[in-house]
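Structure record follows, encoded as C-alpha cells.
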Amino acid sequence: MGQEYFWWGPMWFMPMMMPVVMLVAVIVCLYLMFGRSGFRPPGEAGTPAGGETALDILKKRYARGEIGKDEFEQMKRDIMA
C-alpha cells in the first residue's frame with residue numbers, strides 16, 4: 001500500500017504549475033506583440049512612427065510649391081476636421 005503512494009513522485013506538482021506556465025506564456029506573447037512596438041489603439045491621435053503628421057507633410061508640399069495656397073487651405077481644413 002505504501003508503494004502506490006510514491007508512484008506519483010513529483011507529478012502532483014504539475015497540475016498546479018500548468019496555469020502559472022500558461023499565464024507566463026500569454027504575458028510573454030503579449031509583450032512581444034505590443035510591448036516593444038509602442039502599440040497604440042486604432043484611432044488614437046499622435047505622431048506616427050515615422051515622426052511626420054499629415055499636416056507636416058502638407059506644409060512641406062506647400063513650401064516646395066507642389067500645391068497652391070487655396071489647395072493648401074482646403075486640405076488643411078480636411079485634415080483638421
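Set the Förster distance to 35 Å, then compute FRET efficiency between V28 and R77 from the Cβ-Cβ distance, nearest 0.05. Efficiency, from the Cβ-Cβ distance: 0.15. The Cα center of the stretch 64-81 and the Cα center of the stretch 11-30 differ in position by 55 Å.
Just so you know, all these numbers are worked out from the coordinates, no wet-lab data involved. All of these numbers come straight from a predicted model, not from anything done at the bench. Don't worry about glycine lacking a Cβ; one is built from the backbone with ideal geometry, like all the others, and counts go over all protein chains shown.
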